[in-house]
1. Just need a number here: residues in region 88-114 that are over 21 Å from residue 221 (Cβ atoms) and touching a helix residue (DSSP H, G or I) at 6+ places or on another chain (Cβ under 6 Å).
2. Checking the condition modelled with pLDDT of 90 or more, over 26 Å from residue 273 (Cβ atoms) and either in the same structural domain as residue 308 (by TED's automatic domain parsing) or part of a strand (DSSP E or B) (or both), which residue from 358, 362, 378 passes?
3. Scanning region 362-393 for residues that are basic (Lys, Arg) and free of Cβ contacts under 8 Å to residues at least 60 places away in the same chain, which turns out surrounded by the fewest Cβ atoms within 10 Å (Cβ to Cβ)?
4. Evaluate the following for residue 465: is it under 22 Å from the mean Cα position of the chain (by Cα) and over 30 Å from residue 321 (Cα atoms)?
5. Taking only region 192-207 into account, find how many residues are part of a strand (DSSP E or B) and of a type in the set (A, V, I, L, M).
6. Quick one: would you say residue 72 is surrounded by 14 or more Cβ atoms within 10 Å (Cβ to Cβ) and not in a helix (DSSP H, G or I)?
7. Mind listing whichever residues of region 89-102 are of a type outside the set (Gly, Ala, Ser), modelled with pLDDT under 90 and crowded, with 17+ Cβ neighbours inside 10 Å?
8. Go through (1) closer than 24 Å to residue 509 by Cα; (2) surrounded by 14 or more Cβ atoms within 10 Å (Cβ to Cβ) for residue 221 and report which single condition fails.
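The values are calculated or read from the model by the stated rules, or taken from the named source; none is laboratory data. If you're wondering where the values come from, they're calculated on a predicted model, not measured in any experiment. Reconstructed Cβ throughout: ideal geometry from the backbone, glycine too, with neighbour counts over all protein chains shown.
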Amino acid sequence: MDASGREGMRAWSPLFFSLVLIFGMVLGFNLRDTLRSKRDINTVLERNDRLEQVIDLINEKYVDSVNSDILYKDAISGILKTLDPHTVYIPAEDLQDATEDLEGGFSGIGVEFSIVRDTINVTAVIDKGPANAAGLNVGDQLLKVGDTVVAGVNITAQRITHLLKGKQKTKVSVTLKQISSGEPRVVSITRDMIPLHSVEASLMLDATTGYMKINRFSATTHKEFMEAIKKLKTSGAKQMVIDLRSNPGGYLGEATSVADEFIDDSKLLVYTQGTHASKTEYNADKKGAFETGKLIVLIDESSASASEIFAGAIQDWDRGVIMGRRSFGKGLVQEPYEMTDGSELRLTIAKYYTPSGRCIQRSFANGKAAYAADYEKRFTTDELTGKEQFINADTTRYFTANHRVVYGGGGIKPDVFVPVDTVKLSHTLVNSLYSSELKNAIWDYFLRNRPDMKFSTVEEFDASFDGAEEVIHEYMKSLSASTRNKIWKEIYKTQPRHYFDTYIRSQIAHYLFKDNGYYAITLKDDNVVEKALNVLHSNTYSHIISGK
């Protein structure tokens, strides 16, 4: 790997780890199937008089005034410090945000937005949503939400999201600059439930191969999956690629329900067991929607928890081929306990085991810092390129249905390893692709040319779009002379320029056709998907499944 590749990996590894660890801790993978079945902590725990006495004494006698809430939070953090990395305490004020993604929706106005030059631009309006009913359009700019000015004040995406959300059927006043006239307009929008789709995209890769991207296992995932698989089969899908890359987990019940659609009879899908939790088995129990036909499951270092349950069941029953890179390695079950103040403790109560009997949880014996470092190490060594091999901490041999050897202790190891594309991780390329200057240039191009973009399908757009050169030219003009020279030298190499073109094309396709448009473009240059299609259309697939 070249130096720039290493720099790119190092730059992005904290973000990857933060996303996966936060989802692993906050979402868990089980939560006993639903957050709505929370157990009251008071039924299982007695008041700790020593802790109460210490805090009471501090309040009464300490030389300065103190905040009792902070004392309690710090005390709880200290108690949990020596436990596993996925046991977590969530304060009451953070609980809604922590559960929202898993519930499959939230109450808001129904727009997607991007902050361009410190102004909120509407990039998509959800069909039949509140904003659509109020007449908002792509390209409109938000100036105020209620009495709060949101343009030109260095507002964050988190802040604007908080302002737009609210209780269902409540009203919010929005002042916007209309794309059509450039004039300000005040509209009153009645908030309603906005779906958060976990099946992010579903499309055909070729005449017989369906593709589905699942970004998490939320309360609506199985329902979304069934709707998508029906459409794909109608479109001719006889084999499937299920993409779980960067899927951090979610509900156990949703993951097993989707797995049940691929695995026949009453086969074991996963079981859980702990010192104080008896063994619980989850089995297939219905006729699945796709029990025959070739299947490839894509995973990577950020696939965790429920994603690993799904992949483990598919691998252990030799139902499909697992492809990509070693998964995160989270095999712990959390159960939520509601506190009297509305906060919540999500306590690890068991481990989960794949059908072959393996637990894929990585060791956390050396503490949380070492646990995080073990994950981040993948981005600073050559494991992701395949030049450095992963050594199993657990050398116990487990066997799939066809007697293939698999291991636990460090995530799901794919049947077919596909390395990262190190060109995509060059420091210069990463910084350029995700820069605000390029984002602004793409958005400006889209707004200027949108009236002429009368494409009925993403395929038609892909065949006709020729604006990448214009976007790059505008992007370069926005850079300083020294930066511009550096970028010119990088992106006009053949491969980086190709990635630039693909990225620009995919962003505009997303504006026009939403997530399916984005994936229809990017998947054509995805080395893992390319390998999946090669395996599906060759004898390699049957050789892997049979263990020959």
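1. Of the residues in region 88-114, 5 are over 21 Å from residue 221 (Cβ atoms) and touching a helix residue (DSSP H, G or I) at 6+ places or on another chain (Cβ under 6 Å).
2. Answer to the selection: 378.
3. Pass one, region 362-393, residues basic (Lys, Arg): 362, 368, 377-378, 387.
Still in the list and also free of Cβ contacts under 8 Å to residues at least 60 places away in the same chain: 362, 377.
Details: 362: 19, 377: 12.
Among residues in region 362-393 that are basic (Lys, Arg) and free of Cβ contacts under 8 Å to residues at least 60 places away in the same chain, the one surrounded by the fewest Cβ atoms within 10 Å (Cβ to Cβ) is 377.
4. no
5. Matching residues across region 192-207 total 6.
6. Working: surrounded by 14 or more Cβ atoms within 10 Å (Cβ to Cβ): yes; not in a helix (DSSP H, G or I): no.
So residue 72 does not fit the description; no.
7. Scanning region 89-102 gives 95, 99, 101, 102.
8. All conditions are met except number (1).
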